[in-house]
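The values are calculated or read from the model by the stated rules, or taken from the named source; none is laboratory data. The model shown is predicted, which means the values in this text are computed figures rather than measured ones. In this analysis, Cβ positions are derived from the backbone assuming ideal geometry, glycine residues included, and neighbour counts consider all displayed protein chains.
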Amino acid sequence: MNTSEKGSGYVIHEDRNSRRSFVRRMGLAGAGLGAFLASVDSSKAQTTDADLIQFALNLEYLEAEFYTVALTGKTIDQLNVGIAGTGTAGATTGGKQVTFITGSTLALSAAEIAANERAHVSLLRAALNNGGTVPIAKPAINLNALGSGFGSQEEFIALARSLEDVVVSAYCSLLPVLQNKAYLAIAVRLLAAEGEHAANLRLHAALYNVATTAVDAADILPPPSGTQFFSADNSYGLTTVRTPGQVLYAAYGQQANQTSGGFFPAGTNGIFNASSSAATPLL
Amino acid sequence: MKTYFPLKSFWLTLIPALGLASVMVAQTETLTSASAANYRPIVAPNSIVTAWGTSLASTTAAANVTDPGPNAGLPTSLGNVRLAVTGSSQIAVPATLYLVSPGQINYVLPATAALGADTVAVFSNGTTLHGPVLVSNISPAIFTVDGSGAGMPAGQVLRVNAEGQSTANSLTSTTNTDISPGNSPGDQVYLVLYGTGFRNHSLNPVIATAGGIAVPVPYAGAQNEFPGLDQINLGPLPPTLAGIGTVNLTMAVDGVPANTVQITFR
């Protein structure tokens, strides 16, 4: 029988149409990425891969501090994670150790994620150093930016879910423009790790019946507030992409055109420190 | 799947265990709440909770639960004491009471209690005491015979013979009840255990093990006679448990473990 050839032809034909359609449908994301690159070109002479990794490091600092304080009541420097570097160093304020049910999948997952995030900080700092760039210092971080996140397991899940989904979307915007293979090899695995974290927390949100709040219109909420266990768009099965400006919109407390606020009261370190308007959903 | 429910009278024997707890709980707050079964600080809506404090009541009074039913007629005021739980909505929801005493109150956390960090208020003889309570959808706990949260679980062993006739015996700390499976050909042996905090579980299977051996869980949910009381049925127990001796019995609901209890198979 010749069904396999027919099948192949059909698939190829569909793929071509899908790709055209996909590119058209990615207009918003493409525009977002274009705007991101344009802003980089106009405001800075050259944006290097190291700048992109430094931006990621800001986010990893935030995640590492959040989980570490929630799990241990200590900050990452108290656990001997390096935080010194270029830019303006700042203290981490707010947050406290969360009461978990010992041995629960949530508690065990949170502990693993905390260790992962601390390792991510160290990994990115080492990668930058190996590439001849001094890593940024940990900027000031306010873990009480939302006034929630540490009072209960449910608050923890809600905030962790937001952070993970936003960080995943950040890596999705950074990876396509990375040229350095060494950075890319690390960043793609970081994206995978953050994706696993996000999925875990989204499932726990559903299991614990935790209401969640969208950080922007692109945010796809898990049950019970939403309907999707995964944040992937149902049309293409792809997760949301947020440019650095859109990420900072969420991190700065849903404030556009700001250079500080929310979780980063003194702003981020590195060249990406201005928030843009909120991310919009793929159409 | 057939569900076996316990004898009504059995739970009544547990009421003393649900009375004044002998367990010491660190009291850094004016009012400290924890699961009445395992003293874990995180409790579930519609579960039985114990609050400790001082001068909570001028006398000891227990609710009349001799005529149990879906609501069991539990009062919201007992011995001139009331208790309310306030969540993020700032709406105070009155709780039903099993027992009040100067140092302890046993209450049922309202089904509508908000998830997260709530506040408990005790109104007693013109004074109000406040304390925190952490509320999570699932916080499984198993009552134990001695009320400590460890050791022999509170429950019954149910033996069903080949003709479908069943006999039930209570698990006690002093009686060496024969709960070994497979003593008589055709017998099926079940454990019916009582706890609280797991009726809100998802459709995911409840996981239970005895001595590391997986045990079927045909039912885990509300006991349906006493407010806040949950029940888990385990079995039929696998024959491999026969003669294994004293082993840990574990249970996990939606990834949240209950207190580990011990049981002896001979």
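Are any of the residues in the stretch A:224-242 of a type in the set (A, V, I, L, M), surrounded by fewer than 20 Cβ atoms within 10 Å (Cβ to Cβ) and under 18 Å from A:Leu174 (Cβ atoms)?
Checked against the condition, which is being of a type in the set (A, V, I, L, M), surrounded by fewer than 20 Cβ atoms within 10 Å (Cβ to Cβ) and under 18 Å from A:Leu174 (Cβ atoms), the stretch A:224-242 yields at least one hit.
Residues in the stretch A:54-74: is at least one at pLDDT 95 or above, assigned to a loop (DSSP other than H, G, I, E, B), under 23 Å from A:Ser148 (Cβ atoms) and over 20 Å from the mean Cα position of the chain (by Cα)?
Yes, the stretch A:54-74 contains at least one residue that is at pLDDT 95 or above, assigned to a loop (DSSP other than H, G, I, E, B), under 23 Å from A:Ser148 (Cβ atoms) and over 20 Å from the mean Cα position of the chain (by Cα).
Residue by residue through the stretch B:183-221, note down the ones that are among the hydroxyl-bearing types (Ser, Thr, Tyr) and within 16 Å of B:Arg159 (Cβ to Cβ).
Correct list: B:Ser184, B:Tyr190.
Anything in the stretch A:214-223 that is more than 16 Å from the chain's Cα centre (by Cα) and surrounded by 20 or more Cβ atoms within 10 Å (Cβ to Cβ)? List them, or say none.
Scanning the stretch A:214-223 gives a single hit, A:Pro222.
Of (1) assigned by TED's automatic domain parsing to the domain that holds B:Thr172; (2) closer than 25 Å to A:His204 by Cα, B:Ala113 satisfies all except one. Which?
(1)
Look at the stretch A:161-208 and say how many of its residues are hydrophobic (A, V, I, L, M, F, W, C), within 14 Å of another protein chain (Cβ to nearest Cβ) and buried (at least 24 other Cβ atoms within 10 Å of the Cβ).
Total meeting the criteria: 2.
Residues in the stretch A:75-85 that are outside any helix (DSSP H, G or I) and touching a residue at least 60 places away in the same chain (Cβ under 8 Å): how many?
Qualifying residue count for the region: 1.
Only one of these is over 23 Å from A:Glu112 (Cα atoms) and touching a Pro at 6+ places or on another chain (Cβ under 9 Å): A:Ala182, A:Ala145, A:Ala170. Name it.
A:Ala145
Step by step: first the residues of the stretch B:195-239, then only those that are crowded, with 20+ Cβ neighbours inside 10 Å and free of Cβ contacts under 8 Å to residues at least 60 places away in the same chain, then the one that is farthest from the other protein chains (Cβ to nearest Cβ). Which residue is that?
If we take residues in the stretch B:195-239 being crowded, with 20+ Cβ neighbours inside 10 Å and free of Cβ contacts under 8 Å to residues at least 60 places away in the same chain, then B:Leu237 is farthest from the other protein chains (Cβ to nearest Cβ).
So B:Val100 clears everything in (1) more than 20 Å from B:Asp254 (Cβ to Cβ); (2) in contact (Cβ under 8 Å) with a residue 60 or more places away in the chain except one condition, right? Which one?
So the condition that B:Val100 fails would be (2).
How many of the residues in the stretch B:146-164 are charged (D, E, K, R) and either modelled with pLDDT under 90 or over 17 Å from B:Asn248 (Cα atoms) (or both)?
2
Looking only at the stretch A:87-111, count how many residues are within 14 Å of chain B (Cβ to nearest Cβ), of a type in the set (A, V, I, L, M, F, W, C) and touching a residue at least 24 places away in the same chain (Cβ under 8 Å).
Within the stretch A:87-111, residues that are within 14 Å of chain B (Cβ to nearest Cβ), of a type in the set (A, V, I, L, M, F, W, C) and touching a residue at least 24 places away in the same chain (Cβ under 8 Å) number 6.
Which ones in the stretch B:113-144 are within 11 Å of chain A (Cβ to nearest Cβ), closer than 15 Å to A:Gly151 by Cβ, of a type in the set (A, V, I, L, M) and part of a loop (DSSP other than H, G, I, E, B)?
Those that are within 11 Å of chain A (Cβ to nearest Cβ), closer than 15 Å to A:Gly151 by Cβ, of a type in the set (A, V, I, L, M) and part of a loop (DSSP other than H, G, I, E, B): B:Ala114, B:Leu115.
Evaluate the following for A:Ala114: is it more than 14 Å from chain B (Cβ to nearest Cβ), in contact with a Leu (Cβ under 6 Å, 6 or more places away or on another chain) and under 26 Å from A:Ala214 (Cβ atoms)?
It is true that A:Ala114 is more than 14 Å from chain B (Cβ to nearest Cβ), in contact with a Leu (Cβ under 6 Å, 6 or more places away or on another chain) and under 26 Å from A:Ala214 (Cβ atoms).
How many residues, within the stretch B:240-264, are within 14 Å of another protein chain (Cβ to nearest Cβ) and either assigned to a loop (DSSP other than H, G, I, E, B) or at pLDDT below 90 (or both)?
So the answer is 5.
Scan the stretch A:243-264 for residues that are surrounded by 17 or more Cβ atoms within 10 Å (Cβ to Cβ), in a loop (DSSP other than H, G, I, E, B) and touching a helix residue (DSSP H, G or I) at 6+ places or on another chain (Cβ under 9 Å) and report the count.
4
Take the stretch B:208-246 and flag every residue that is β-branched (Val, Ile, Thr) and in contact with a Ser or Thr (Cβ under 8 Å, 6 or more places away or on another chain).
Passing the criteria: B:Thr209, B:Ile213, B:Val215, B:Thr246.
Could you grab me the full set of residues in the stretch A:138-162 that are within 15 Å of B:Val135 (Cα to Cα) and either outside any loop (DSSP other than H, G, I, E, B) or charged (D, E, K, R) (or both)?
Listed by number, the residues that qualify are A:Gln153, A:Glu154, A:Glu155, A:Phe156, A:Ile157, A:Ala158.
Can you find a residue in the stretch A:126-148 that is within 14 Å of chain B (Cβ to nearest Cβ), among the aliphatic types (A, V, I, L, M) and out of contact with any Gly (no Cβ under 6 Å at 6 or more places or on another chain)?
Scanning the stretch A:126-148 turns up at least one residue that is within 14 Å of chain B (Cβ to nearest Cβ), among the aliphatic types (A, V, I, L, M) and out of contact with any Gly (no Cβ under 6 Å at 6 or more places or on another chain).
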